[in-house]
Amino acid sequence: MSDFDPSRFLIPNDVGFCLLECKTAFEALTPREKQYSHYLAQASFAGSLICLFQTSPESPGIFLLLQKLFRHQTVDELQKLAEEQGWSDQEFQAFVVYASAFLSNMGNYKSFGDTKFIPNVNADKLKALILASEAAKSDKVAIEDLWSRVGAMIFDLTPRLQKLGFGQKGITSYFSGNCVHADAELAQKFLNSKDLSAYNTRLFKFEENGKTIYEVRLAASQTSPAGDSGLPFGEHQFTDKSVTTNFRVVQGDYAPLMNLVVQNLLKAKDFAANEHESRMLEEYAKSFSSGSIDAHKEGSRHWIKNKGPIIETYIGFIESYRDPYGVRGEFEGFVAMVNKDMSAKFEHLVQKAEHFLPLLPWPAAYEKDTFLKPDFTSLDVLAFGSSGIPAGINIPNYDDIRQEEGFKNVALGNVLSSGYKDTKITFLAESDKELYSKLKGPSFEVQVGLHELLGHGSGKLFYKKEDGTFNFDTENVLHTETGQKISSWYDPADTWNSKFKSISPTYEECRAECVGIYLCLASEILEIFGHHGNDADDIIYINWLNMVRAGLLALEFYSPDTHTWGQAHMQARYVILRVLLCAGEGLVSVEKFIAEDGEPDLIVSLDRSKINSVGKKAIGDFLRLLQVYKATGDYAAGKTLYDFYCAVYDVSDPHFISLREIVLKRKQPRKMFVQCNTTVNGEAVCLQEYTGDASGMIKSFQDRFPEESSIDAMVLDLWNKDRPHF
């Protein structure tokens, strides 16, 4: 079954937009706090341009083309030109929606799904418009050159280019175009041998003087070592299975953009509120200058210790969802202001966390020795620089820090309130839709809290330490399923990501989602969020119903051609749907029917009377296995379990492949967030808001990266250096 239906790669003209409103929270800041937040926002947005180079080979060029095009003409002015060339309103709207989607995703692949999208416009028409634009009149050579380099790629939907991945299964720019999974595997072994993290790296393979060279590029503003960084720069020979390979470790990937990040972090440091914030920014700047992940970890330690800040921020190479090997981090930076009312609920949850952890379905030996109570705040986002904006975050992702020193949780309140409202509710019975519409927001708030704090924040990893000792009782801790002594664990060089490789992001999201729906059954937890009695029962029902519906919607993100998934969270939700369907006893059902429009439709149903019995047991048993295999580093068993429930094939009932076709035909596009900007006028920092539409999105990027910023030259130079490798 082929995915080569071009309509599946279009962004609908009626896609929703919303302004990420934060004016009330921003205006409550002091002048000093506004200065601090401004420079952090500048650092985050500058770093977000790195995502262009982490998405596809053509993304930097498309960005330059769009910026130049709209820098010389507003959306309204360009529309007049399009009308003169015979464009319809629908065609022009399709183009500006494409441009907005590109800017929103920082590339031409969806951040949520990793599939390519193209303009719903004739390619020749678009070319004629661009070459007749004021941008082309201003610099014909530059515009013609950009179009010649990206024009065909914008529309190319050959199978390999339809989604992100390795080799013939997709495209990636974390690796040079000639790298496949085996190259990533070999590089990871080399990195482990040098105790070098992959988080801030890319891998390029090429021939030099008759030899194959693997070049590991570390993101850094410095292009040559300065002082003793402790990093293994230079030439190396690495032997694996009697085969010796040449590696080279260099710094300076994205150097000019990393330099902008560093400059703005150091400016923000002048307005820090305390020593922890100052030291945090110093260490981040050191990390982004040299490429040292150890420095970033040190900055993260100060970040954890900075309790209850008015302005919260985190920045770096964070989530590994989009690396097809699952270990390299996408750049991400955010700055946000604390929402005190909602944060009070989350803080109450934190204070009671040690009481709730024993409710999880694994023995105490599989839980951390001490639960390090984190900050858990609800934030109104001022700036989020990356390819997408999540609803909640649990960071840092460094295993050693999370296990021994702690972490923080944040829920992004203005993202939740503005972006997660369904405009059209699909695949539910009419009897469920009213309650679902009313309680999806409040139930999702509970789920986010449990997912981030007690999902990502729970569970021990069994480690062998450098001195040969273990962080668990090797004699008395038994495997829950075999009753035998633990026979697998993490060695000193191992991390969760390196051990579980490409499945680690989705496996962990599934574990956290399971924790959320499992623990929401506890009445004491729901009371923290203000839900009691029948209201609490309704919250449980809608939370579970939302999860099984999401599992059905997840089929959009599965590719039958390559048998791969494109979005970690949605893959996790599909797995949970499968677990609950396999539980049987009528707990969950998916039924086909013919809708009023004459087309096939679906209804997913959940028997709320069986959630606390059949549902709780099914999720509890599955969740225990997820944790046991994670704790013991048993990749083989974990992958076998996860692969079984990930399977999308014709099972007895329902037939998922046929269901997928219906899901695709009735899918609803994700909303796009238009973010504010800040500007400095003397000592005052002003907030600039925009309209919640395509014009607002495009204008916000014009203001964010104006012509005088030299951003274009930086992006073009980096792109030219990258292009020979793809």
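Read-outs throughout are calculated quantities, based only on the coordinates presented, and are distinct from any laboratory measurement. Keep in mind the model is a prediction, meaning the values are calculated, not measured. Quick reminder, even Gly has a Cβ in these numbers, built from the backbone with ideal geometry, and neighbours come from all protein chains shown.
Among THR245, SER605, ILE11, which residue has its Cα positioned farthest towards the positive end of the charge dipole of the chain, with +1 placed on the Cβ of Lys and Arg, -1 on the Cβ of Asp and Glu, and the dipole taken about the Cα centre?
Farthest towards the positive pole: THR245.
Here is the link list: LYS163/LYS424; LYS438/LYS592; LYS408/LYS671; LYS34/LYS408; LYS110/LYS721; LYS617/LYS671. Which ones come out longer than 30 Å on Cα distance? Could the numbers behind the result be given before it?
Values: LYS163/LYS424 27 Å; LYS438/LYS592 25 Å; LYS408/LYS671 27 Å; LYS34/LYS408 23 Å; LYS110/LYS721 25 Å; LYS617/LYS671 35 Å.
Too far apart for the 30 Å limit: LYS617/LYS671.
Can you list the DSSP H helices in the chain whose Cα atoms extend at least 27 Å along the helix axis and whose mean Kyte-Doolittle hydropathy is -0.5 or higher?
Values: long enough: 430-450 (29 Å, -0.60); 533-553 (30 Å, 0.29).
Long hydrophobic helices here: 533-553.
Rounded to the nearest 5, what % of the DSSP beta bridges within segment 169-257 are antiparallel ones? Display every interim value, and only then the final one.
Numbers: 15 of 23 bridges.
Once the DSSP bridges in segment 169-257 are tallied, antiparallel ones form about 65 percent.
If you wrap a convex hull around the alpha carbons of segment 168-294, what volume per residue comes out, as a whole number of Å³? If you can, show how the numbers build up before the last one.
Values: hull volume 16.8 nm³, N = 127.
Spread over its residues, the Cα hull of segment 168-294 gives 133 Å³ apiece.
Hey, can you grab everything whose amide H is under 5 Å from the amide H of THR245? Only 5+ residues off in sequence or another chain; H modelled, so Pro and N-termini drop out.
Long-range HN contacts for THR245: PHE238, THR239, ASP240.
Measure of size requested: the Rg and Dmax of segment 289-445, with Cα atoms as the atom set and Å as the unit; please supply both.
17.8, 58
Sort 59-70, 635-646 by packing, meaning the average of other beta carbons within 10 Å per residue, with the highest value first. Show your work: numbers first, answer last.
Details: 59-70: 23.5, 635-646: 15.8.
So the peptides 59-70, 635-646, ranked by packing, come out 59-70, 635-646.
Quick check: Cα centre of segment 540-559 to Cα centre of segment 326-366, how many Å?
22
Taking the Cβ of ARG71 as the centre, find all other residues whose Cβ is under 10 Å away and add up their charges (Lys, Arg: +1; Asp, Glu: -1). It would help to have the intermediate numbers written out before the result.
Values: positive: LYS68; negative: GLU134, GLU707, ASP712.
Summing Lys/Arg as +1 and Asp/Glu as -1 gives -2.
log₁₀ I(q)/I(0) of segment 131-196 at q = 0.24 Å⁻¹, via Debye over equal Cα point scatterers, no solvent, to two decimals?
Scattering profile of segment 131-196, log10 relative to I(0): -0.98.
Applying a 10 Å radius around every beta-carbon, put 558-565, 296-303, 717-724 in order of their mean neighbour count, most first. Please list the in-between numbers first.
Details: 558-565: 18.5, 296-303: 22.8, 717-724: 15.0.
Highest to lowest by the protection proxy: 296-303, 558-565, 717-724.
Along the three principal axes, how long is segment 368-428 when you take its alpha carbons, biggest first, rounded to the nearest angstrom?
Computed over the Cα atoms, the extents are 45, 31, 20 Å.
To the nearest 0.05, what FRET efficiency results for GLU708 and GLU83 with a Förster distance of 22 Å applied to their C-beta separation?
Numbers: r = 31 Å, r/R0 = 1.41.
Here the calculated transfer efficiency is 0.10.
Give the order of THR245, THR313 when sorted by the count of other beta carbons within 10 angstrom, beginning with the fewest.
On the way: THR245 19, THR313 26.
Listing THR245, THR313 from fewest to most nearby Cβ atoms yields THR245, THR313.
Modelled label-to-label distance, PHE726 and SER138, 7 Å Cα→beta-carbon offset: nm?
Computed distance between label sites PHE726 and SER138 equals 2.5 nm.
Taking each pair of distinct Cα atoms in the chain once, what is the resulting Kirkwood hydrodynamic radius in Å?
That comes to 26.5 Å for the chain.
Sorting TYR574, TYR463 on the 10 Å Cβ count, fewest up front, what's the list? If you can, show how the numbers build up before the last one.
Working: TYR574 28, TYR463 21.
The most exposed by this proxy come first: TYR463, TYR574.
If you project the alpha carbons of segment 140-243 onto the principal axes, what extent comes out on each, in Å, largest first?
46, 34, 29
Taking R0 as 51 Å, what FRET efficiency do you get between ASP537 and SER148 from their Cβ-Cβ distance, rounded to the nearest 0.05?
On the way: r = 62 Å, r/R0 = 1.21.
For R0 = 51 Å, the calculated efficiency reads 0.25.
If you project the alpha carbons of segment 557-630 onto their three principal axes, what span does each projection cover, largest first, in Å?
Dimensions of segment 557-630 along the principal axes of its Cα atoms: 47, 37, 15 Å.
Give the distance, in whole Å, between the Cα centre of segment 449-465 and the Cα centre of segment 225-251.
Between the Cα centre of segment 449-465 and that of segment 225-251, the gap is 33 Å.
Charges only on Cβ, +1 for Lys and Arg, -1 for Asp and Glu: so what's the dipole of segment 169-257 about the Cα centre, in debye to the nearest 20?
On the way: 9 positive and 10 negative charges, 41 e Å.
So the dipole magnitude of segment 169-257 works out to roughly 200 debye.
For the charge dipole of the chain, defined by +1 on Lys and Arg C-beta atoms and -1 on Asp and Glu C-beta atoms about the Cα centroid, which residue among GLN627, GLN67, LEU439 has the Cα displaced farthest towards the positive pole?
It is GLN627, whose Cα lies furthest towards the positive end.
Binned at 5 Å from 0, what are the whole-percent values of the Cα-Cα distance distribution for segment 552-703, short to long?
Values per bin, smallest distances first: 1, 8, 13, 14, 14, 12, 9, 7, 7, 8, 4, 2, 1, 0.
Provide the gained length on full extension for the span PHE644 to GLU207, in nm with one decimal, where the gain is 0.36 nm per separating residue minus the Cα-Cα distance. Before the final figure, lay out each step's value.
Values: separation 437, 0.36 × 437 = 157.32 nm, distance 4.02 nm.
My answer for the length gained is 153.3 nm.
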